[in-house]
Amino acid sequence: MQLFAQDNGVEMADSLRSNGKIYVVVICIVIILVGLLAYLFSIDRRLKKIEKENHISDK
Amino acid sequence: MHKTWWKILGSVLVIYTAIAGLLLHVPRLPILNETIRNLYFHVPMWFSMIVLFSISVFYSIKSLSTKSEIDDMKAVESVNAGIIFGLLGLVTGAIWAKYCWGEFWSFDPKQNFAAISVLLYFAYLILRNAIDEEQKRAKISAIYNIFAFPMMVVLLFVLPRLKDSLHPGNGGNPGFNSYDLDSRMRMVFYPACLGWILIGYWVYTIRFRIRTIENKQQHN
């Protein structure tokens, strides 16, 4: 991987990767996404309940 | 639309994209550097928008023959959801442009035409709000939508190709597919597109279901 990283001299975030700090960013993004998606699922569930109360059939 | 499996699939794909998009190999290219990873996040916004607008035009055409209020509601709500993705595409494109082209908005043909195509759909929503009578609103806005859709396609995919644009795939620039034909980027890019399209579709179904309930309560 390190050998590959030096192949053509184009600057990339190699040190961010080699010292593992990139995982901090990945974990934060994943937490935000999981949180938002879980929220979307809970909205969906609540909507299903309201649909049932209003007698709207599943399509 | 009430099934759960595709919502989970969309969520898993989007989360996979965030992880794989930041960690897997990308080609080392000058100017782009690490920002090439934006391909996994910026481009799927536009694909989701186009899918949602396609759904809209489909229901607009359908509503002209069925005269069904439900089809009309589907057409509006998919535009409402699609515009969000269009705006996200514009904003992420501007940020990407700041660091690779030098300006947030350099009046590049691709940026200008993309902005106009989003405005076309704002006009659709304004047109709807301007008409009170329901049948008339459904009919006129469906016809407008049928004109707006091909114009959006031309603005996004035809006109920028004829001008000098900095955007990849336009104005003689190669697209990203020719930079990197290895399958590693595709393994993130395709799931990203599918994932975001599913999430976009999900948002549209939620909006449509809320509107159905509102509509029912208004008629009671």
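Using Cβ contacts closer than 10 Å as the measure, can you line up A:Val26, B:Val43, B:Val76 from fewest to most?
Details: A:Val26 16, B:Val43 19, B:Val76 22.
Ascending number of Cβ neighbours within 10 Å: A:Val26, B:Val43, B:Val76.
What list do you get for A:Val24, B:Val118, B:Val79, A:Val10 if you sort them by fewest beta carbons within 10 Å? Before the final figure, lay out the partial values.
Values: A:Val24 10, B:Val118 21, B:Val79 28, A:Val10 13.
Exposure proxy ranking, most exposed first: A:Val24, A:Val10, B:Val118, B:Val79.
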**Prompt:** Any idea what the dipole of chain B comes to, in debye rounded to 20, about its Cα centre with Lys/Arg Cβ at +1 and Asp/Glu Cβ at -1?
**Reply:** 380
**Item:** Separation between Cα centres of the range B:83-161 and the range A:10-32, rounded to whole Å
**Value:** 34
**Complete:** Dividing the alpha-carbon radius of gyration of the protein assembly as shown by 2.2 N^0.38 Å, where N counts its residues, gives 1.13
**Request:** Pull up all non-local amide H partners of A:Ala13: gap of 5 or more, or a different chain, and H-to-H distance under 5 Å with H placed in the peptide plane.
**Result:** B:Glu34
**Complete:** For B:Ile126 and B:Thr92, extending 7 Å from Cα along the Cα-Cβ vector and measuring point to point gives, in nm, a value of 2.7
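Using the count of nearby Cβ atoms within 10 Å as a rough guide to exposure, how do B:Thr66, B:Thr92 rank from fewest to most? Could you put the intermediate results ahead of the total?
On the way: B:Thr66 12, B:Thr92 16.
Listing B:Thr66, B:Thr92 from fewest to most nearby Cβ atoms yields B:Thr66, B:Thr92.
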**Whole-Hz couplings from phi, Karplus 6.51/-1.76/1.60, listed for the range B:48-54; x for Gly and Pro** = 4, 4, 5, 4, 5, 5, 5
**Message:** Which residues among the range B:92-120 fall inside the zone where the amide N is under 15 Å from a point 7 Å beyond the Cα of B:Asp164, along Cα→Cβ?
**Reply:** B:106-110
**Prompt:** Hey, what angle do you get for helix B:109-130 against the long axis of chain B, alpha-carbon based, 0 to 90 degrees rounded to 10?
**Reply:** 10
**Item:** Within 10 Å of each Cβ in A:16-23, the average number of Cβ atoms from other chains
**Value:** 1
**Prompt:** By how many degrees, 0 to 90 and rounded to 10, does the Cα axis of helix B:69-100 deviate from the longest principal axis of chain B?
**Reply:** 20
**Prompt:** Pairing the Cα long axis of helix B:5-23 with the longest principal axis of chain B, what angle in degrees results, from 0 to 90 and rounded to the nearest 10?
**Reply:** 20
**Complete:** With x for Gly and Pro, the residue-by-residue ³J(HN,Hα) of the range B:152-163, computed from phi through the Karplus equation 6.51 cos²θ - 1.76 cosθ + 1.60 at θ = phi - 60° and given in whole Hz, is 4, 4, 5, 5, 8, 10, 9, 4, x, 6, 8, 10
**Asked** For chain B, what is the mean residue ellipticity at 222 nm derived from helices alone (per DSSP H run of n ≥ 4: -39500 (n - 2.57); sum divided by total residues; nearest 500 deg cm²/dmol)?
**Response** -26000 deg cm²/dmol
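Once the cut-off is 22 Å, how many percent of the Cα-Cα pairs in the range B:82-217 end up in the long-distance tail?
Details: 4867 of 9180 pairs.
The calculated P(r) of the range B:82-217 puts 53 percent of pairs beyond 22 Å.
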**Message:** At R0 = 25 Å, how high is the FRET efficiency between B:Asn33 and A:Ile31 if r is their beta carbon distance? Nearest 0.05 is fine.
**Reply:** 0.45
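Where a number appears in this text, it was derived from the coordinates with a stated rule and is not lab data. The structure displayed is predicted, hence computed values, not measured ones. A quick note on method: Cβ atoms are made from the backbone with ideal geometry, for glycine too, and the neighbour counts reach across all protein chains shown.
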